[in-house]
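The values are calculated or read from the model by the stated rules, or taken from the named source; none is laboratory data. None of these values were measured; they are calculated from a predicted model. Every residue, glycine among them, receives a Cβ derived from its backbone with ideal geometry; neighbour counts consider all protein chains shown. Only protein heavy atoms, including side chains, enter the accessible area calculation; ligands, DNA and RNA are left aside. Shrake-Rupley method; radii C 1.70, N 1.55, O 1.52, S 1.80 Å.
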Amino acid sequence: MKQLFSFITVTAFAAIVLFSCKKDYQKASTEFIRNLPDSCEFLIAVDNDTEHLVYYRGPQTKSFFCYNVETESLEEINVPEAESQDCIPIAMGAGVDHILVVYSDIDDISSASTYSAAEVQIYNLKTQTFKKLMECNGCVVDNGKKQVTCYTFDTNRYGDGTRIDEVYDYDGKPLSKKEVEVINDEEVPTGTLAAREREAQQEEERAIQRNNSFFNYNQSSQPHFYCELCGAEYSNPKDLLNNSCLKNKVGSTIGRHVLYEGGEKSIYTCRYCGKQYSSIKDMVFNSCPRREFGEKHAPAR
């Protein structure tokens, strides 16, 4: 009877010790996360019977770190180099068993959610290995939903073609995929390639006609002044600068037109991609492939 009582006592004591240790690991993990400096970002904590780890991103984006709560040791996780030397890896966030890494060529990642990317990889927390998820032209990261939307483009010289959108969660599971046709970098209803090429050719012919009409008109007319943000036309610069421009917004406030100082031209060139238009209004209406998603062309002076 005494032996049975002793066995029960020892077993209970061992269980209490083990439970206390687990509680201590959790407390130490929470304390470590709380004390991370502002320049670091917590990614995920792994706490089970065999591992007590905290993963976080440091101020240098080319790597992230794993802190072992049990041994109080720190390991740097070196991310594989991207094929493009201009891109740096950024550990974006964690799913259930993986950490999502985006390779981007942007300099400031502090507040960005849209990235010009070369590829996307995921780090498996169980096997501690990297796997390439896909190569893409760009992506949008949603840390709230823990989803990343990857974009790949196949376009011709007009900016027309196809964009494929693929959505994954942070564990690399595909959620959705769709194919979108684009004309002049804008989404359009699905059509045939022949129709897109015909429309592009017709637009080029219309542009030539506008150029000729615009040039002939300006030979015998007074100078015109244009807003470089929306392309609005005025015969007096004072009138231009005194009127509101819907494209000049700061929060909910609408600002004034901005005078284009490059003078009147028969052809205007985008200062970011070099694409040419016969009017500023046509130019600033279309998206520029060399700028962030959705941003328009801008005229060079």
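A few remarks follow.
- Of all residues making up the range 118-142, the number that are at pLDDT below 85 and open to solvent by 10 Å² or more (accessible area, probe 1.4 Å): 2
- Candidate set: the range 95-115, residues that are open to solvent by 10 Å² or more (accessible area, probe 1.4 Å) and among the β-branched types (Val, Ile, Thr); chosen: the one modelled with the lowest pLDDT: ILE109
- Top-ranked residue in the range 143-160 [being surrounded by fewer than 16 Cβ atoms within 10 Å (Cβ to Cβ) and over 23 Å from GLU83 (Cβ atoms); ranked as nearest to the chain's Cα centre (by Cα)]: ASN143
- Number of residues in the range 249-301 that are of a type outside the set (D, E, K, R), farther than 19 Å from GLU204 by Cβ and out of contact with any Cys (no Cβ under 8 Å at 6 or more places or on another chain): the value is 8.
- Under the condition of being assigned to a loop (DSSP other than H, G, I, E, B) and open to solvent by less than 50 Å² (accessible area, probe 1.4 Å), the residues counted in the range 267-293 number 6.
- Per-region count, the range 78-94, residues modelled with pLDDT of 90 or more and under 14 Å from LYS131 (Cα atoms): 0
- Counted residues, the range 121-152 - those being among the hydrophobic types (A, V, I, L, M, F, W, C) and touching a residue at least 60 places away in the same chain (Cβ under 8 Å): 2
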